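Structure first, then comments.
The values are calculated or read from the model by the stated rules, or taken from the named source; none is laboratory data. This one's a predicted model, so the numbers in the text were calculated from it and none came from an experiment. Every residue, glycine among them, receives a Cβ derived from its backbone with ideal geometry; neighbour counts consider all protein chains shown. Surface accessibility is based on the protein's heavy atoms, side chains included, excluding ligands, DNA and RNA. Shrake-Rupley method; radii C 1.70, N 1.55, O 1.52, S 1.80 Å.
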Amino acid sequence: MAPIRGLKKRRKLDKKNEGNASGSASGSSEKEGSVDWWHDFYQRINGFQSPSKGVVDKYKSVFKISRKTFDYICSLVEENMTVKSGGISFSNGKNLSFQDQVAIALRRLSSGESLMAIGDSCGLHHSTVSQVTWRFVEAMEETGLQHLYWPSSESEMAEIKSKFEKIRGLPNCCGVIDTTHIMMCLPTSDPTSNAWLDREKNHSMVLQAIVDPDMRFRDIVTGWPGKMEDWLIFQSSNFNKLCDKGERLNGKDIELSEGSEVREYIIGDSGYSLLPYLMTPYQGKELSELRAEFNKRLSATQMVAQRALARLKDMWKIIQGVMWRPDKHKLPRIILVCCLLHNIVIDLEDDVQDEMPLSYDHDSGYRQQVCGAIDIKGVYPRDALSHYLSGKFPPESVFA
């Protein structure tokens, strides 16, 4: 399967989903999603009835999301999943309800437990867990893509820029780019295993994401082997091609000082090339005070992406550890759905976010890549920004 590229357009919600934007599910989902359903499911996976006290807390502990978010996710996938839900049953012969199927899929994605472990805890054969999870993934691909899009309105982009500027003063910044590795355990007999062996001697697949100041994913690319360099992944991305054609990051320039302007841009670490629309740190050990200050501000702003990727893996643990012999054609689609779920939690303002510890470690054991390549057209905007942030503008002729 080809790598999943950044999503070009925001898919509009249909009338059904617009009606459920507050997080409430459809009528049939509400009926199935009664407290009795939740108690029955909780009893099945824990061996005892859930008491009335602490039901909400236990719900979050099982699924990593609130009941409101669960119901909204059900509303997204119900039509797609119920069309082909026949013939799935527990080991005791009882049919799985639609709610059961969503719950099992979310349990699989959020816990990272093996198919066997989840099957044993839920009274299912491991093949049924796999079947249900994949149905959910397919349904989310069809109906959840409106939660991952590049802003198309000036007002939405203006809000993003304003929030980024409030972090460490970077004006006209539209996003932060970073990558993380999804590690895999592949058999030595796999003829393609060497192709997935990265520089740290792990088998892995890369996820590259552009993140907004609220830690929401705005563009992703996944499916490439872990040994691919960050700059090369970005260079081949649809996002970069749109920028080259003037169709992305093409909003208004802002004036920094008389005779000095800067266009819209994103920021990245030293693993990326300096481009007119991608600002990266200055390289070298003995930097001037002005350049060192710019690097500090850039690094502090980049933490948004590090936190987003760390939270993604912490909430959806199926991609956190080492995946046991995954289907490399299906894995990019699982990663995409985890990113969609990550964004849904943010879009619905699920308070489960407030209960999660802050973390920046999403790629433990991986060393920082250094690209060093510079597009001469990116030198001016970076220098202009560094002078603006220091408050020390040189004569106008320097930027002429």
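Of the residues making up the stretch 242-251, those that are assigned to a loop (DSSP other than H, G, I, E, B) and out of contact with any Asp or Glu (no Cβ under 8 Å at 6 or more places or on another chain) are LYS245, GLY246, GLU247, ARG248. The single condition among (1) within 24 Å of GLU200 (Cα to Cα); (2) touching a residue at least 60 places away in the same chain (Cβ under 8 Å); (3) surrounded by fewer than 17 Cβ atoms within 10 Å (Cβ to Cβ) that GLN235 does not meet is (2).
Do we have any residue at all in the stretch 288-303 that's assigned to a loop (DSSP other than H, G, I, E, B) and either hydroxyl-bearing (Ser, Thr, Tyr) or over 18 Å from MET205 (Cα atoms) (or both)?
Yes: one or more hits.
Residues in the stretch 58-80 that are within 19 Å of VAL352 (Cβ to Cβ) and in a helix (DSSP H, G or I): 16 in all. Scanning the stretch 81-96 for residues that are polar (S, T, N, Q), part of a loop (DSSP other than H, G, I, E, B) and closer than 14 Å to GLY123 by Cα yields SER91, ASN92. Taking every residue in the stretch 363-377 that is over 23 Å from LEU275 (Cα atoms) and pairing it with any residue that is assigned to a loop (DSSP other than H, G, I, E, B), at least 6 positions away or on another chain, the pairs with Cβ-Cβ distances below 9 Å are GLY365/GLU200; GLY365/ASN202; TYR366/ASP198; TYR366/ARG199; TYR366/GLU200; TYR366/ASN202; TYR366/GLY226.
Using the structure shown, decide if ASP230 is more than 25 Å from LYS201 (Cα to Cα), open to solvent by less than 20 Å² (accessible area, probe 1.4 Å) and touching a residue at least 40 places away in the same chain (Cβ under 8 Å).
No, not satisfied.
Give me the residue from the stretch 64-96 that is crowded, with 17+ Cβ neighbours inside 10 Å and over 25 Å from the mean Cα position of the chain (by Cα) and, out of that set, modelled with the highest pLDDT. Going through the qualifying residues, I end up with LEU96. Suppose we keep only residues that are within 24 Å of the chain's Cα centre (by Cα) and buried (at least 19 other Cβ atoms within 10 Å of the Cβ) within the stretch 108-128. Which one would you say is nearest to LEU336 (Cα to Cα)? Going through the qualifying residues, I end up with LEU109. I'd like the full set of residues that are of a type outside the set (Val, Ile, Thr) and surrounded by fewer than 19 Cβ atoms within 10 Å (Cβ to Cβ), limited to the stretch 365-379. Passing the criteria: GLY365, TYR366, ARG367, GLN368, GLN369, GLY372, ALA373, ASP375, LYS377.
Filtering the stretch 112-127 to residues that are of a type in the set (S, T, N, Q) and either farther than 14 Å from SER89 by Cα or touching an Asp or Glu at 6+ places or on another chain (Cβ under 7 Å) (or both) leaves SER114, SER121.
When the residues of the stretch 158-202 are narrowed to those that are hydroxyl-bearing (Ser, Thr, Tyr) and crowded, with 22+ Cβ neighbours inside 10 Å, which ends up farthest from TYR277 (Cα to Cα)?
Just the residues of the stretch 158-202 that are hydroxyl-bearing (Ser, Thr, Tyr), to begin with: 162, 179-180, 188-189, 192-193.
Checking the rest, the ones that are also crowded, with 22+ Cβ neighbours inside 10 Å come to 179-180.
Working: THR179: 18, THR180: 22 Å.
It comes out as THR180.
Quick one: is LEU124 modelled with pLDDT under 95 and out of contact with any Lys or Arg (no Cβ under 9 Å at 6 or more places or on another chain)? The answer is yes for LEU124. Identify all residues within the stretch 144-181 that are β-branched (Val, Ile, Thr) and in a strand (DSSP E or B); write none if there are none. Answer for the stretch 144-181, where residues must be β-branched (Val, Ile, Thr) and in a strand (DSSP E or B): VAL176, ILE177, THR179, THR180. Checking each residue in the stretch 304-326 for being in contact with a strand residue (DSSP E or B) (Cβ under 6 Å, 6 or more places away or on another chain) and either in a helix (DSSP H, G or I) or modelled with pLDDT of 95 or more (or both) picks out VAL304, ALA305, ALA308, LEU309, ILE319.
Quickly run through the stretch 75-98 and pick out the residues that are among the polar types (S, T, N, Q) and closer than 17 Å to LEU341 by Cβ. Matches in the stretch 75-98: SER75, ASN80.
Listed here are the residues, each with its yes/no results for (1) open to solvent by 40 Å² or more (accessible area, probe 1.4 Å); (2) among the aliphatic types (A, V, I, L, M); (3) out of contact with any strand residue (DSSP E or B) (no Cβ under 6 Å at 6 or more places or on another chain); (4) within 20 Å of ILE374 (Cα to Cα).
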residue: GLY223; (1), (2), (3), (4): no, no, no, no
residue: GLU258; (1), (2), (3), (4): yes, no, yes, no
residue: PRO276; (1), (2), (3), (4): no, no, yes, yes
residue: PHE294; (1), (2), (3), (4): no, no, yes, yes
residue: SER299; (1), (2), (3), (4): yes, no, yes, yes
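Among the listed residues HIS329, HIS342, HIS362, HIS387, which satisfies the condition of being under 23 Å from LYS201 (Cα atoms) and either surrounded by 16 or more Cβ atoms within 10 Å (Cβ to Cβ) or modelled with pLDDT of 95 or more (or both)? Result of the check over HIS329, HIS342, HIS362, HIS387: HIS362. Filtering the stretch 186-211 to residues that are part of a loop (DSSP other than H, G, I, E, B) and out of contact with any strand residue (DSSP E or B) (no Cβ under 7 Å at 6 or more places or on another chain) leaves PRO187, THR188, SER189, ASP190, PRO191, THR192, ARG199, GLU200, LYS201.
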